[in-house]
Amino acid sequence: VTIRPFFGGTHPPDCKEGTAGRAVRPGPLPDRIVLPMSQHLGAPCHPLVAKGDRVLRGQVVGDVEAFISAPVHSPVAGEVTDVGPVLTPGGVRAMAVTIAPDAEQDLATWVHVGAPRDDIRATVRAAGIVGLGGAAFPTAVKLNPPKQFAIDTVVINGCECEPYLTCDHRTMLERAADVIAGAGLIASAVGAGSVFIGVEDNKPDAIEALRSATNGAEVEIVVLKTHYPQGAEKQLIWAVTGRAVPRGQLPSAVGVLVHNVGTAVAIAEAVELRKPLMERVVTIAGAVQEPSNFRALIGTPIEALVEAAGGLRSDVGRVISGGPMTGIALASLDVPVVKGTSGVVALTEGESAPVVDGDQPCIRCGRCVEACPMTLHPFAIASHADRRMWNGVERFNALDCIECGCCSYVCPTRRPLVQLIKLGKAALMAKGVKQ
Ligand code: SF4
Ligand code: SF4
């Protein structure tokens, strides 16, 4: 086990036992597929189809000519029933294409990705691949790092440090060879000589599966201490390579690219099978009748996936898209699975933090400072944000916050720290402040 601890962090109960042993099974074919045109960071796509059009599985239904973007594909054959705004898991309304799937689907075929097979970047762009760890940053852009930085190392992120989520764990167990193949493709796209896969030591079976699948490939499996947020980019790079990414810089500044294990599999499928990103593994965990991992069609209403997991239990308090540390509470289950949906976690009333306002007193205990892996002063940023004092928010380096949620988790008075910090960050970004 690599012992290169990062500053701060915390150790929430991992609560993964409900789904870690559940093999990925096919998700349901819902009665409608809802495809928001903005499922990635960057410019939203424009719909390329109209109400009444027939579409094929794998057909591009949205795209835009912008560098930071990724096209959207239909995961089903069917008929477009609507083009208009819908509610997304992020709580905002976005333009979307809604499709009524044909009753009979051939999920073994699709419209092939139309890019040269030997051009990995172009294939990844055309396949609509984004970071599947949750950030949804367009992968082709990541494969095009600034020219002044030579990338010598690729780190595949298999930490999955968020409680409850096991989609990456199952992917490493069930698709180990594809994870390794995708890692090799990423390395060859950027000319990197070293490839590592970082996995926390609470997943010994995944470590074993990856080791047996390396099969002579020059990939090193690095076992990391289980500690939240080990899967955050800068913390992972430090643990695996000993390189510290400077403040305000991207991993490429230290010659490293990080990609999630699910993204590596999607890249392998795009290059080898010419398959666009139309499905992803989604963990449905917590207070549901039958916690599960599904290979869900992107655009499946979350309600349909929760139903396929037997439905919510009666003691549910709050349902979260993503994990409980960084996820977003859902106002409605009538929102679609998007490319960044790693899981849906139903928390019981006892587990759900009470909804508090900004007036909970800070008792200056310092725990949030000790827990912050970015060495920030969360209480100070939050109190300035609470008073709309944006200069103070900037002075305390709010834009360095990776929104890991450690500060909120450890705060004894349950101050809504990360929510206030996000508010402050959004205000700074709206003012054009750069890191
Ligand atoms: S301030 Fe940001 S980076 Fe620091 S603990 Fe809070 S959420 Fe995490
Ligand atoms: S953990 Fe909470 S109470 Fe303690 S210093 Fe931070 S904000 Fe204040």
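The values are calculated or read from the model by the stated rules, or taken from the named source; none is laboratory data. Small disclaimer: the values here were computed from a predicted structure and weren't measured. Cβ coordinates were reconstructed from backbone atoms using ideal geometry, including for glycine residues, and neighbour counts include every protein chain displayed. In case anyone asks, the SASA skips ligands and DNA or RNA and just uses the protein heavy atoms, side chains included. Shrake-Rupley method; radii C 1.70, N 1.55, O 1.52, S 1.80 Å.
Count of the stretch 341-368 residues, restricted to those that are near ligand 2 (Cβ under 9 Å from one of its atoms) and modelled with pLDDT of 90 or more, is 7.
Of all residues in the stretch 21-39, none are within 30 Å of Thr241 (Cβ to Cβ) and buried (at least 21 other Cβ atoms within 10 Å of the Cβ). For the stretch 236-257, a tally of residues being in contact (Cβ under 8 Å) with a residue 24 or more places away in the chain and farther than 15 Å from Pro145 by Cβ returns 8.
Out of everything in the stretch 391-425 that is within 10 Å of ligand 1 (Cβ to nearest atom) and part of a loop (DSSP other than H, G, I, E, B), what residue ends up being farthest from the chain's Cα centre (by Cα)? This residue is Phe396. Within the stretch 268-275, is even one residue modelled with pLDDT of 95 or more, within 16 Å of the chain's Cα centre (by Cα) and closer than 25 Å to Ala308 by Cβ? Among the residues of the stretch 268-275, not one is modelled with pLDDT of 95 or more, within 16 Å of the chain's Cα centre (by Cα) and closer than 25 Å to Ala308 by Cβ, which makes the answer no. Residues of the stretch 297-317 that are free of Cβ contacts under 8 Å to residues at least 60 places away in the same chain and among the small types (Gly, Ala, Ser): Ala309, Gly310, Gly311, Ser314, Gly317. Taking the stretch 369-401 as the range and being within 12 Å of ligand 2 (Cβ to nearest atom) and under 22 Å from Val245 (Cβ atoms) as the test, the residues that pass are Val369, Glu370, Ala371, Cys372, Leu376, His377, Pro378, Ile381. Has the stretch 176-184 got any residue that is touching a Phe, Trp or Tyr at 6+ places or on another chain (Cβ under 9 Å) and buried (at least 19 other Cβ atoms within 10 Å of the Cβ)? Yes: one or more hits.
Screening Leu173, Leu143 for residues that are surrounded by fewer than 24 Cβ atoms within 10 Å (Cβ to Cβ), within 29 Å of Ile402 (Cα to Cα) and out of contact with any strand residue (DSSP E or B) (no Cβ under 9 Å at 6 or more places or on another chain) leaves exactly one candidate, Leu173.
Look at (1) near ligand 2 (Cβ under 10 Å from one of its atoms); (2) modelled with pLDDT of 95 or more; (3) of a type in the set (D, E, K, R) and you find that Arg415 fails only one, number (2).
For first residues located in the stretch 365-382 and touching a residue at least 40 places away in the same chain (Cβ under 8 Å) and on the phi > 0 side of the Ramachandran plot, partners that are more than 8 Å from ligand 1 (Cβ to nearest atom) and part of a loop (DSSP other than H, G, I, E, B) and lie 6+ apart or on another chain with Cβ distances below 7 Å form the pairs Thr375/Phe7.
Checking each residue in the stretch 402-417 for being surrounded by fewer than 21 Cβ atoms within 10 Å (Cβ to Cβ) and either under 17 Å from Gln435 (Cβ atoms) or of a type in the set (Asp, Glu) (or both) picks out Ile402, Glu403. If you go through the stretch 426-435 and keep only what is within 14 Å of ligand 1 (Cβ to nearest atom), open to solvent by 30 Å² or more (accessible area, probe 1.4 Å) and not polar (S, T, N, Q), you end up with just Ala426. A search for C-beta distances below 9 Å between a residue of the stretch 269-282 that is of a type in the set (Lys, Arg) and any residue that is at pLDDT 95 or above and part of a helix (DSSP H, G or I), counting only pairs 6+ apart in sequence or on different chains, returns Arg274/Thr123; Lys275/Ala266; Lys275/Glu269; Arg280/Cys167; Arg280/Gly262; Arg280/Ala266.
Residues that are assigned to a strand (DSSP E or B), polar (S, T, N, Q) and under 22 Å from the mean Cα position of the chain (by Cα) within the stretch 319-352 comprise just one, Ser321.
Name the single residue, out of those in the stretch 361-387 being within 12 Å of ligand 1 (Cβ to nearest atom) and in a loop (DSSP other than H, G, I, E, B), that is surrounded by the most Cβ atoms within 10 Å (Cβ to Cβ). Among those residues, the one meeting the criterion is Cys372. Determine whether Val393 is touching a Lys or Arg at 6+ places or on another chain (Cβ under 9 Å), at pLDDT below 95 and β-branched (Val, Ile, Thr). The answer is no for Val393. Count of the stretch 185-204 residues, restricted to those that are surrounded by fewer than 24 Cβ atoms within 10 Å (Cβ to Cβ), assigned to a helix (DSSP H, G or I) and in contact with a strand residue (DSSP E or B) (Cβ under 7 Å, 6 or more places away or on another chain), is 2. Just one of the listed residues (Leu185, Leu173) is among the hydrophobic types (A, V, I, L, M, F, W, C), touching a residue at least 24 places away in the same chain (Cβ under 8 Å) and under 30 Å from Ala346 (Cα atoms), and it is Leu173.
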